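Peer 1: The structure is given below, and queries will be raised subsequently.
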Amino acid sequence: MDAVISWATGVGIVVFGIFFWRLLRTVYVDGQLDQAAISRVRSASILPAFSTVGLLILCVLSMEWFPSAISALVIAIIVIALGGAIWSMERGILAVRTSRR
C-alpha cells in the first residue's frame with residue numbers, strides 16, 4: 001500500500017506542476033503579473049475550492065464511519081485533492097482567457 005501511495009503522490013506532484021505552469025503562463029503577461037488576471041482566477045476558483053473541501057470532509061467522516069474502507073478512502077482523498085486543484089486552475093485559466101478576448 002505504501003508503494004501505491006508513494007507513486008500516486010509522485011505522479012500527482014508532476015501533474016499538478018504541469019497545470020500550475022500553465023496557470024503561471026496565463027497570469028504573467030510579458031514577464032509582468034497581471035493583477036486583473038489574478039482576480040479572475042480567484043473568483044473562478046471559489047466553486048472548485050468549496051466542492052473539494054466538502055468532498056474531503058466527507059472522506060474524513062467516512063473513515064470514522066467505515067474503518068474497513070480506510071485504504072480505499074486514502075486513495076480517494078489523493079484523487080479528490082488533485083482533481084479539485086486541476087479543476088480550480090482550469091476554471092481560472094478559462095476565465096482569464098475568456099476575459100482577454
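The values are calculated or read from the model by the stated rules, or taken from the named source; none is laboratory data. The structure displayed is predicted, hence computed values, not measured ones. Heads up, the Cβs are rebuilt from the backbone with ideal geometry, glycines too, and the neighbour counts pull from every protein chain shown. Keep in mind that these areas ignore ligands, DNA and RNA; they rest on the heavy atoms of the full protein, side chains included. Shrake-Rupley method; radii C 1.70, N 1.55, O 1.52, S 1.80 Å.
Peer 1: Checking the structure you have, find out if any residue of region 35-49 is of a type outside the set (Lys, Arg), part of a strand (DSSP E or B) and either surrounded by 12 or more Cβ atoms within 10 Å (Cβ to Cβ) or touching a helix residue (DSSP H, G or I) at 6+ places or on another chain (Cβ under 9 Å) (or both).
Peer 2: Step one: filter region 35-49 for residues of a type outside the set (Lys, Arg), giving 35-39, 41, 43-49.
In the following step, the residues that additionally are part of a strand (DSSP E or B) were identified as none.
No, every residue in region 35-49 fails to be of a type outside the set (Lys, Arg), part of a strand (DSSP E or B) and either surrounded by 12 or more Cβ atoms within 10 Å (Cβ to Cβ) or touching a helix residue (DSSP H, G or I) at 6+ places or on another chain (Cβ under 9 Å) (or both).
Peer 1: Assess whether Ile80 counts as being touching a Leu at 6+ places or on another chain (Cβ under 8 Å) and in a helix (DSSP H, G or I).
Peer 2: Details: touching a Leu at 6+ places or on another chain (Cβ under 8 Å): yes; in a helix (DSSP H, G or I): yes.
For Ile80, the condition - touching a Leu at 6+ places or on another chain (Cβ under 8 Å) and in a helix (DSSP H, G or I) - is met.
Peer 1: Further question on the same structure: Given Thr26, Thr52, Thr9, which one is in contact with a Gly (Cβ under 7 Å, 6 or more places away or on another chain), among the polar types (S, T, N, Q), in contact (Cβ under 8 Å) with a residue 12 or more places away in the chain and open to solvent by less than 80 Å² (accessible area, probe 1.4 Å)?
Peer 2: On the way: Thr26 fails: in contact with a Gly (Cβ under 7 Å, 6 or more places away or on another chain); Thr9 fails: in contact with a Gly (Cβ under 7 Å, 6 or more places away or on another chain).
Result of the check over Thr26, Thr52, Thr9: Thr52.
Residue-wise test of (1) free of Cβ contacts under 8 Å to residues at least 60 places away in the same chain; (2) closer than 18 Å to Ala8 by Cα.
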| position | (1), (2) |
| --- | --- |
| Ala36 | no, no |
| Ser45 | yes, no |
| Leu58 | yes, no |
| Leu61 | yes, no |
| Pro67 | yes, no |
| Ile75 | no, yes |
| Ile80 | yes, yes |
